Amino acid sequence: MTRMYQRLLNELKAWRSAAIPGLFVITLIILTRMFGGLQSLEWMAYDSLMRHRPSEAMDARVVVVAIDDKDINQLKTYPIPDRELAAAITKLQSYRPSAIGLDLFRDLPVEPGHQELLKAFQTYQNLFAIEQLPFDKTVTIQAPKSISPDQVGFANSMPLDKDGQTRRHILGATDPRYIDAVDAADHYKFSLATQLALRYLKPKGYEPENGKFDPNALRLGTTEFPRVQASTGGYINVDEGGTQVLINYRTGMNPFRVLPLRDVRQNKVKPEWIRDKVVLIGSSAIGVKDFANVAAIPVEDSTIYPGVKVHAHAVSQILAAVLDDRPLLKTWADFAEYSWIVLWGILGISVGRRLQAPWQILLVVTIVGIGLIGVCYGLLLAGWWVPLIPALMVFVLNGAGLSAGLLYRSKQTLEAQEKLRQAELEQIFNSIHNSPLQRLSFILRGLKDRSDSPKALIQQLDELDRELRSVHQDIGRMTQNQAERIRLGDDLFSLTIPLNELLQIVCDVTLQRINQFPAFKDVKVRLIEISSDPERMILDRGLTLAQKDWICRFLEEALCNVGKHGQNVTQIQVFCGQEYQYQVIRVIDNGDHQKQTRTGIGTKAANNLARQLQGRFQRFTNSPKGTICELKWRTKKA
């Protein structure tokens, strides 16, 4: 229970150290987004996802009659004379369309034929003209004065975002010239696209109403069009004038039928293409420059997308939403969006806390990042625009960035600990040199000068002197930062030698220490199994040089314990190799051992080593007698 509590406490401490920089990153990204710093990136991501949606079938309810460069060359004039437009409209009306919208300004006559065009408007109540309202102090362009206001829709209904792209449609708005008037509500006007859609839907029983969820929204039947507000989706403090919606552009290379004006003039139009359809007449000629920037549509050049086609998308969106239940683009509330960002930031902290290997971090961040993009793409297909860029940023920064930061911090900590260790070792080195060694040398000289000194005692003190000087040399070597070598007996060996070879040297050298451990003299059988077979041998994989040093010391200590504490030992077995998925070092003897009443330094060191290797150390009684000392840890993956 105590161990579990300690592990939980350590985990909480680790999370606290990771959470502080992680929460700082989350806060920074949220503040950056709140002040519009990520708006352009969110728009770019939105456009990219929109472009890669699967193709939809053509909406046959909407037809565009496009005046292209070839039409202008044939007529040899531009603007197109009113007589030509009147003739084309009369021809189209013979096919009984639901509505026709003329996306060409006619505030000034284009003779010849202006009276003929005005007569067409008076004759056909389903024919709509355009005007330009003075949004953002733009110039006002009037529709022809003799046309009924019910047959006029404003054309500047596609406000540009700051990057010049068109993503919104103003369904309707109060005429800015009357915004402060007492009768301002009487001057509410619909856009051209809305007028055409309402004309199509009216015979089917749909009338415009105020929304139920949002009183300022437009509602047709059971379909309520979600308004763009100041902080909708990736927008920050956007102009929310009028009743704006996001345009859910129809996908595919042919979202609706497009006919050149010359086909209408030359009777090349099939009546069923026009009957009961909404027809828009406008320019697609390069020289006229009636274009919009639409990065959300997969076209060859999104900077020269004809404006009349954008109006057609707006009409199609309204009709498809009401009649086909096609999704309208919606967004979450601000609280939900920022909660979404925070959750991805916490997930990033979790990844940064758990993973340390660079390849693991890169792999997990890549896979989860692609998954996040996939989730946002799927939600967009369902009609939900959710924050992608801020969620991706907090995840990547808290995943890869936090891991890198923690590794750097860990490296700094280790370097500081190493400097402290060096200082402590140097102090121990000087202490041993200045006190025990000098004192032992003085005692030996005094004993050797006396003729009656016991030779056995002198011999033992000589051995003690050599051992102390060996330890002294090891400490001196470590203070000089030469920890890549290990002392075994009187020799130094490089820790870069394969571990199985080092362990073999440990066994050979330690079992020869008969003078120090008399119990080794009685050993008749020595079974040393240290495999060199790559399939079974103990591996260096994932071990530091320091860990290899400690593993060798563990084996040396286990053998020395047999020599120090074992009695009547006749057999020693050593196994160093792989068992299943574990690396194992095991020492078994058949001697008599006194029961230890306290935990020694060697046992503590073995337990610490096992924790570092995320393995297990155990010492238990052999049957029928003797002791088994074992260290095992899981094999690291390549």
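The values are calculated or read from the model by the stated rules, or taken from the named source; none is laboratory data. Not measured: the values here are computed from a predicted model. Cβ: placed from backbone, ideal geometry, glycine included. Neighbour counts: every protein chain shown. Note: accessible area is taken over every heavy atom of the protein model, side chains too, but ligands, DNA and RNA are not part of it. Shrake-Rupley method; radii C 1.70, N 1.55, O 1.52, S 1.80 Å.
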Looking at Gln567, Gln614, Gln581 in this structure, which one is touching a Gly at 6+ places or on another chain (Cβ under 8 Å) and exposed (fewer than 13 other Cβ atoms within 10 Å of the Cβ)?
Gln567
Can Tyr200 be described as more than 26 Å from Ala292 (Cβ to Cβ), open to solvent by 10 Å² or more (accessible area, probe 1.4 Å) and among the hydroxyl-bearing types (Ser, Thr, Tyr)?
no
Among Gly153, Gly101, Gly113, which is open to solvent by less than 20 Å² (accessible area, probe 1.4 Å) and either hydroxyl-bearing (Ser, Thr, Tyr) or over 26 Å from Gly241 (Cβ atoms) (or both)?
Gly113
Is it the case that some residue within region 519-534 is among the aliphatic types (A, V, I, L, M) and in contact with a Lys or Arg (Cβ under 9 Å, 6 or more places away or on another chain)?
yes
Can you tell me which residue among Val342, Val310 is at pLDDT 95 or above and among the hydrophobic types (A, V, I, L, M, F, W, C)?
Val310
Got at least one residue in region 60-72 being charged (D, E, K, R), at pLDDT 90 or above, open to solvent by less than 50 Å² (accessible area, probe 1.4 Å) and outside any loop (DSSP other than H, G, I, E, B)?
yes
Evaluate the following for Asp82: is it farther than 23 Å from Ser191 by Cβ and crowded, with 19+ Cβ neighbours inside 10 Å?
yes
Exception for Val574 within (1) open to solvent by less than 70 Å² (accessible area, probe 1.4 Å); (2) farther than 24 Å from Asp491 by Cα falls at (2)
For region 67-102, give me each residue that is within 19 Å of Pro144 (Cα to Cα) and small (Gly, Ala, Ser).
Ala86, Ala87, Ala88, Ala99, Gly101
Report the residue count in region 171-197 for those that are surrounded by fewer than 18 Cβ atoms within 10 Å (Cβ to Cβ), among the hydroxyl-bearing types (Ser, Thr, Tyr) and part of a helix (DSSP H, G or I).
1
Output the strands (runs of 3 or more DSSP E) that fall wholly within region 522-628 and possess 2 or more residues being over 19 Å from Gln504 (Cβ atoms) and either at pLDDT below 90 or touching an Asp or Glu at 6+ places or on another chain (Cβ under 6 Å) (or both), or say none.
616-621
Ala129 over 16 Å from His311 (Cβ atoms), surrounded by 15 or more Cβ atoms within 10 Å (Cβ to Cβ) and not β-branched (Val, Ile, Thr):
no
Filtering region 239-280 down to residues that are in a strand (DSSP E or B), of a type in the set (A, V, I, L, M) and crowded, with 23+ Cβ neighbours inside 10 Å yields Val245, Leu246, Val278, Val279, Leu280
Pairs under 6 Å by beta carbon, first residue within 19 Å of Asp175 (Cβ to Cβ) in region 238-249, partner of a type in the set (Gly, Ala, Ser) and not in a strand (DSSP E or B), six or more apart or different chains?
Glu240/Ala230
I'd like to know if region 554-564 contains one or more residues that are open to solvent by less than 70 Å² (accessible area, probe 1.4 Å), of a type in the set (Val, Ile, Thr) and in contact with a Leu (Cβ under 6 Å, 6 or more places away or on another chain).
no
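Yes/no per residue for (1) without any contact (Cβ under 8 Å) to a residue 40 or more places away in the chain; (2) surrounded by 22 or more Cβ atoms within 10 Å (Cβ to Cβ); (3) in a loop (DSSP other than H, G, I, E, B):
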position	(1), (2), (3)
Gly282	no, yes, no
Ala285	no, no, yes
Pro298	no, no, yes
Lys309	no, yes, no
Gln317	no, yes, no
Ser350	yes, no, no
Val364	yes, no, no
Val368	yes, no, no
Considering each residue of region 134-169, count those that are outside any loop (DSSP other than H, G, I, E, B), at pLDDT 90 or above and either of a type outside the set (A, V, I, L, M) or under 28 Å from Ser302 (Cβ atoms) (or both), and give that number.
11
In region 370-385, how many residues are within 17 Å of Gly345 (Cβ to Cβ) and open to solvent by 10 Å² or more (accessible area, probe 1.4 Å)?
3
All but one of (1) assigned to a loop (DSSP other than H, G, I, E, B); (2) open to solvent by less than 50 Å² (accessible area, probe 1.4 Å); (3) among the β-branched types (Val, Ile, Thr) hold for Ile486; state the number of the condition that does not hold.
(1)
Does Thr32 fit the bill of being open to solvent by 30 Å² or more (accessible area, probe 1.4 Å) and over 47 Å from the mean Cα position of the chain (by Cα)?
no
Tally of residues being over 25 Å from Ser316 (Cα atoms), out of contact with any helix residue (DSSP H, G or I) (no Cβ under 6 Å at 6 or more places or on another chain) and not in a helix (DSSP H, G or I) across region 107-133:
4
